[in-house]
1. Give 40, 22 a once-over and let me know the one that is in contact with a helix residue (DSSP H, G or I) (Cβ under 9 Å, 6 or more places away or on another chain), at pLDDT 95 or above, surrounded by 13 or more Cβ atoms within 10 Å (Cβ to Cβ) and not in a helix (DSSP H, G or I).
2. Look through 79, 65 and report the one residue that is in contact (Cβ under 8 Å) with a residue 40 or more places away in the chain and under 22 Å from residue 104 (Cα atoms).
3. Check 78, 87 and return the single one that is closer than 23 Å to residue 10 by Cβ and out of contact with any helix residue (DSSP H, G or I) (no Cβ under 7 Å at 6 or more places or on another chain).
4. Out of all the residues in the range 63-75, which are more than 16 Å from residue 15 (Cα to Cα) and assigned to a helix (DSSP H, G or I)?
5. Looking at the range 83-92, can you tell me whether even one residue there is in contact with a strand residue (DSSP E or B) (Cβ under 8 Å, 6 or more places away or on another chain), buried (at least 17 other Cβ atoms within 10 Å of the Cβ), modelled with pLDDT of 95 or more and in a helix (DSSP H, G or I)?
6. Six or more apart or on different chains, Cβ atoms under 6 Å: show the pairs whose first residue is in the range 2-29 and at positive phi and without any contact (Cβ under 8 Å) to a residue 24 or more places away in the chain and whose second is assigned to a loop (DSSP other than H, G, I, E, B) and surrounded by 12 or more Cβ atoms within 10 Å (Cβ to Cβ).
7. Return a yes/no flag: does the range 68-75 have any residue that is touching a strand residue (DSSP E or B) at 6+ places or on another chain (Cβ under 7 Å) and without any contact (Cβ under 8 Å) to a residue 60 or more places away in the chain.
8. Does the range 25-37 hold any residues that are outside any helix (DSSP H, G or I) and either at pLDDT below 95 or surrounded by fewer than 17 Cβ atoms within 10 Å (Cβ to Cβ) (or both), and which are they?
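The values are calculated or read from the model by the stated rules, or taken from the named source; none is laboratory data. As the structure is a computational prediction, the values presented were derived from the model and not from experiment. In this analysis, Cβ positions are derived from the backbone assuming ideal geometry, glycine residues included, and neighbour counts consider all displayed protein chains.
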């Protein structure tokens with residue numbers, strides 16, 4: 001997935017975090033006092049980090065009719081697209097759907 005969206009040379013760090021750390025990062029970097037399901041941080045043009053909160057993903061999965069594993073995969077795609085420069089909206093949603101189909105999510 002990473003190579004499809006960001007290319008082979010992109011240096012990506014994927015971190016699974018708990019809800020406390022998620023709230024801290026979201027408050028610090030997004031100025032929102034909440035727990036996020038996924039956060040993406042570009043470091044430079046070829047380096048970035050994605051933080052996924054599995055507890056949140058597990059709770060959300062049923063709402064989207066997915067298994068927790070497939071929802072975590074979807075959140076990973078969502079994070080990758082943010083690192084690629086996509087913003088929330090129909091263009092990003094269409095790309096998410098296409099990638100989800102491609103990777104059987």
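1. Selected residue: 40, the only one of 40, 22 that is in contact with a helix residue (DSSP H, G or I) (Cβ under 9 Å, 6 or more places away or on another chain), at pLDDT 95 or above, surrounded by 13 or more Cβ atoms within 10 Å (Cβ to Cβ) and not in a helix (DSSP H, G or I).
2. Only one candidate qualifies: 79.
3. So the residue among 78, 87 that is closer than 23 Å to residue 10 by Cβ and out of contact with any helix residue (DSSP H, G or I) (no Cβ under 7 Å at 6 or more places or on another chain) is 87.
4. Within the range 63-75, 63, 64, 68, 70 qualify.
5. Within the range 83-92 (the criterion being in contact with a strand residue (DSSP E or B) (Cβ under 8 Å, 6 or more places away or on another chain), buried (at least 17 other Cβ atoms within 10 Å of the Cβ), modelled with pLDDT of 95 or more and in a helix (DSSP H, G or I)), the answer is yes, since at least one residue qualifies.
6. Pairs found: none.
7. Within the range 68-75 (the criterion being touching a strand residue (DSSP E or B) at 6+ places or on another chain (Cβ under 7 Å) and without any contact (Cβ under 8 Å) to a residue 60 or more places away in the chain), the answer is yes, since at least one residue qualifies.
8. Across the range 25-37, the qualifying residues are 31, 32, 33, 34.
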